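The values are calculated or read from the model by the stated rules, or taken from the named source; none is laboratory data. Computed from a predicted structure; not experimentally measured. Cβ placement follows ideal geometry from the backbone for every residue including glycine, while neighbour counts extend to all protein chains displayed.
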Amino acid sequence: MTTLHDMATAALAACGATTEFTRGDLLSRTPLTGENLLAVDASTQEETEAAIAHAAKAFRRWREVPAPARGAVVKRWGELLREHKRDLATLVQIEAGKSMSEAEGEVQEMIDICDFAVGQSRMLYGKTMPSERPGHRLMETWHPVGVVGVISAFNFPVAVYSWNTAIALVCGNTVVWKPSEMCVLSALGAHGLLRRAVLDCDQDPEIHQLVLGAAERGEQLVDDPRVALVSATGSTRMGREVAPRVAARFGRYLLELGGNNAGIVTPSARLDLALRGIVFAAAGTAGQRCTTMRRLIVHESVAEELIGTIVEAYRSLTIGDPRDESVLVGPLINEAAMTAMQDALRQAEAEGGEILIGGERVLVDANEQSFYVEPAVVRMPAQSEVVRTETFAPILYVLTYTDFEEALEMHNAVPQGLSSAIFTQDQAEAELFLSAGGSDCGIANVNIGTSGAEIGGAFGGEKDTGGGRESGSDAWKAYMRRATNTVNYGGELPLAQGVKFL
Ligand code: UN1
């Protein structure tokens, strides 16, 4: 039988990544079995310093390459990602524990953002405005900011990084990537494919740098004034450290932090649709998406029926090693995640919650080194603290409401503001949910769950989620600086505001 080690090595090689490591001081572990697979090389402080220096140097040439030619590199990356979809998805499955369908979906997000970014490379539009002065033209031009530092999390080890990288590159920036130390093989695979794309297009491979290691390597990016923009995905706690440090040097930051996303189900909702949307959003990816649905706010008139069908659906979820294709719920990333889940469930019970299903550890192959759990549904009283906290595990807290206004208030009464959903057939309720007084999140959906956003829209959230927007729409502007240009083509020098001088 092919071992996980052999699978990982073969996938790395197929992506054109190195499989030879000299120091071997960073162990890659798989949550599927808990075993260590490969001992890769962690970047030293000096190597990270050099990576930033190389990216800064490469930027001086890369910014002069016409944007559509930069787009050609990203186009090639997208082609290679299509060709090696299964290879990279295998690495994602091995390191993040996803089902193959979700792991391939993650690589598909990379392909989609490449397509999007290629188009964007011909659409870095600036406005032209009428000048108040005769013989003058007023316009704005957009320029790259320089080196973009990308710090990414374990749960989407390659997709979220690619949103940043594909757009940053077409905008003319160079990139230094510090992936999660829990997903270094996926990072090596994605980096290998991008490097090939750059070389295939006869461009400079120094435009993309990979730095592997623990948090200190990311901190180097945060504190280095040559890193013009730090784009970081992770916990709110991490964001609270990153933002003031980057701001202190007047750098830019783009944050995508925690989510504590809710779905509202109103009396008119189609419960069959709601059920599927809720179960995928709450239990999919073992609750380890920033967009995972963690709170369900359901009208009391439909609560019993809906909760009954959710519990039934949870009973049918297959939990286990996702190399078995019938498995829908894979492992949690590590023991700390399982402990956090158990702690949250105990707190929920202490606050009057009732566990309706799930919450227990599942031993797969009698292996104590991997951490599988049953997704949990917990009925909570209206007032409780635990529902305000994001626990990165599959716990769905169910709350009931009487008036729509009350539902909106409960919905917004948490510190985080990433994604949200309403299930309703009532147009007024749907519109209210999307209005200024409705959901306070960066993403607000009607009749679909909170997770599984497409790359075409801007992705990100408000409040403790950090305020950043990545991926589609006009998120590209975060990776560029704007210059306002006034051009005088007349023979006079009139001053603005009619000022007279000399
Ligand atoms: C994340 O969990 O950090 O919307 C990103 C989604 C995915 C991206 C999730 N497209 O669920």
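Some notes on this structure:
- Near pairs, Cβ below 7 angstrom, 6+ apart or cross-chain, from the range 120-131 (closer than 18 Å to GLY457 by Cα) to any residue that is in a loop (DSSP other than H, G, I, E, B) and not aliphatic (A, V, I, L, M): LEU124/CYS171
- Residue within the range 421-432 that is surrounded by fewer than 20 Cβ atoms within 10 Å (Cβ to Cβ) and under 23 Å from the mean Cα position of the chain (by Cα) present: no
- Evaluating MET293 against the criteria (1) within 16 Å of the ligand (Cβ to nearest atom); (2) within 29 Å of LEU4 (Cα to Cα) leaves one unmet condition, (2).
- Checklist (1) surrounded by fewer than 21 Cβ atoms within 10 Å (Cβ to Cβ); (2) within 16 Å of the ligand (Cβ to nearest atom); (3) closer than 28 Å to GLN347 by Cα applied to ALA413, failing item: (2)
- Of the candidates SER420, SER451, the single residue that is touching a helix residue (DSSP H, G or I) at 6+ places or on another chain (Cβ under 7 Å), within 13 Å of the ligand (Cβ to nearest atom) and part of a strand (DSSP E or B) is SER420.
- Matching entry among GLY149, GLY126 (being modelled with pLDDT of 95 or more, more than 13 Å from the ligand (Cβ to nearest atom) and either in a loop (DSSP other than H, G, I, E, B) or more than 16 Å from the chain's Cα centre (by Cα) (or both)): GLY126
- Considering only residues in the range 224-251 that are of a type in the set (A, V, I, L, M) and surrounded by fewer than 16 Cβ atoms within 10 Å (Cβ to Cβ), the one that is farthest from the ligand (Cβ to nearest atom) turns out to be ALA248.
- Among (1) assigned by TED's automatic domain parsing to the domain that holds PRO157; (2) in contact with a helix residue (DSSP H, G or I) (Cβ under 6 Å, 6 or more places away or on another chain); (3) free of Cβ contacts under 8 Å to residues at least 40 places away in the same chain - the single one VAL242 does not satisfy: (3)
- Here SER473, SER439 are screened, and the one residue that is polar (S, T, N, Q) and outside the structural domain of ARG63 (by TED's automatic domain parsing) is SER439.
- A single entry from LEU221, LEU254 fulfils the requirement of being within 16 Å of the ligand (Cβ to nearest atom), touching a residue at least 60 places away in the same chain (Cβ under 8 Å) and crowded, with 16+ Cβ neighbours inside 10 Å: LEU254.
- Here GLU181 fits the description: modelled with pLDDT of 95 or more, touching a helix residue (DSSP H, G or I) at 6+ places or on another chain (Cβ under 9 Å) and surrounded by fewer than 24 Cβ atoms within 10 Å (Cβ to Cβ).
- Wholly enclosed helices (runs of 4 or more DSSP H) of the range 40-106 bearing at least 2 residues buried (at least 16 other Cβ atoms within 10 Å of the Cβ) and among the acidic types (Asp, Glu): 85-96
- Some residue of the range 434-441 being within 21 Å of GLU300 (Cβ to Cβ) and away from the ligand (no atom under 16 Å from the Cβ): yes
Residue-by-condition table, conditions (1) within 28 Å of VAL92 (Cβ to Cβ); (2) aliphatic (A, V, I, L, M); (3) in contact with a Gly (Cβ under 7 Å, 6 or more places away or on another chain):
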{"position": "ALA283", "(1), (2), (3)": "yes, yes, no"}
{"position": "ALA286", "(1), (2), (3)": "yes, yes, yes"}
{"position": "ARG289", "(1), (2), (3)": "yes, no, no"}
{"position": "MET293", "(1), (2), (3)": "yes, yes, yes"}
{"position": "GLU305", "(1), (2), (3)": "no, no, no"}
{"position": "GLY308", "(1), (2), (3)": "no, no, no"}
{"position": "TYR314", "(1), (2), (3)": "yes, no, yes"}
{"position": "VAL327", "(1), (2), (3)": "yes, yes, yes"}
